[in-house]
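The values are calculated or read from the model by the stated rules, or taken from the named source; none is laboratory data. Everything numeric here is computed off the predicted structure, so don't read it as measured data. As a convention, Cβ positions derive from the backbone with ideal geometry for all residues, glycine included, and neighbour counts pool all protein chains shown. Just the protein is used for accessible areas: all its heavy atoms, side chains included, with ligands, DNA and RNA removed. Shrake-Rupley method; radii C 1.70, N 1.55, O 1.52, S 1.80 Å.
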Amino acid sequence: MAKARLIALAALVLLGTSCQYEYEYSWQKYVMDGHRTGVKAPAADNVPETLGVIEGSTYTAPNGRTFQEGSATYGVASDMIKVQPLLEDLKTVVGTATRSMAGYAPESELSNWWVDTMMKSVARLTKRKVDVGFLNFGGIRTSLPEGDLLLDDFVSMFPFNNYLTYVELKGSDLQEIFNFIASSRPFVIGGAKLVVTNHQIDTLLVGGKPIDPKKTYGVASVDFLIDGGDGMTVGKNAKQMIVTDRKVIDEVLSAIYELQAAGKPLEYFTDGRCSYDQWEEE
């Protein structure tokens, strides 16, 4: 079934992404509705109907308009049509969602699912106990639609080569990370409850308990946030660090394929794990 969005290369030209979280990242989404030439986002089996056809030196758009070789429209259409066979895998349906999901601050169904999934993955990959997880909202580059989920949805959502990472921290250093989050902006968090009032921590619980400054905690994150990415330094004063060979997209897809094999849709929840009294006003 065709969807109102482009795949991979075409997305670079005609389709941006949307996000409700706007701190350092903002982008727009443009739906291919066919209002000019009838061109819409193609599925694997309807390229001529959605993109048109090239015959000799003439491009015929889906609505019947023609453009001759040498025109900008002919060039773009030719490139898009030629690349479609390379994009068939991206159009594979890998799961379903009961409703659309977007990643927005200070917490959302999508961001909570992401960090909780990554925490489980890091624990499994490193055979270490993971107490808390930190990711950044900028790592979620687009939203998920309701209904069929394509491989492209996830490749577009997590395009960065960020590797899952385990960090062992003293409670006092973990506290400093939360202090930074409270004073600056929301990050995606798991395993904790954080309430921020007037840029100060009002409530902070990890595993349902206050942080013990002398205790050691296991932290799941990505290598991007270890030493300054997005202003975060999860690796500062680490007692132990393990950077795995698994990228975010690897583990996200593993989780989706597992749901698909079990015949279950992707759905998740918010649980009040992170709240800011002034965030919406800013």
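Odds and ends about this structure:
- Residue check, Thr92 at pLDDT below 95, β-branched (Val, Ile, Thr) and within 25 Å of the chain's Cα centre (by Cα): yes
- Verdict on Tyr74 being in a loop (DSSP other than H, G, I, E, B) and either modelled with pLDDT of 50 or more or open to solvent by less than 90 Å² (accessible area, probe 1.4 Å) (or both): no
- Residues satisfying the stated conditions in the range 218-269, i.e. in contact (Cβ under 8 Å) with a residue 12 or more places away in the chain, open to solvent by 30 Å² or more (accessible area, probe 1.4 Å) and charged (D, E, K, R): Asp223, Lys236, Lys239, Asp245, Arg246, Lys247, Glu267
- Across the range 107-135, the number of residues qualifying as under 15 Å from the mean Cα position of the chain (by Cα) and either open to solvent by 10 Å² or more (accessible area, probe 1.4 Å) or aromatic (Phe, Trp, Tyr) (or both) comes to 7.
- Residue in the range 168-185 that is surrounded by the most Cβ atoms within 10 Å (Cβ to Cβ), counting only those that are under 21 Å from Phe137 (Cβ atoms) and touching a Phe, Trp or Tyr at 6+ places or on another chain (Cβ under 6 Å): Leu174
- Test: Glu55 is open to solvent by 60 Å² or more (accessible area, probe 1.4 Å) and at pLDDT 95 or above: yes
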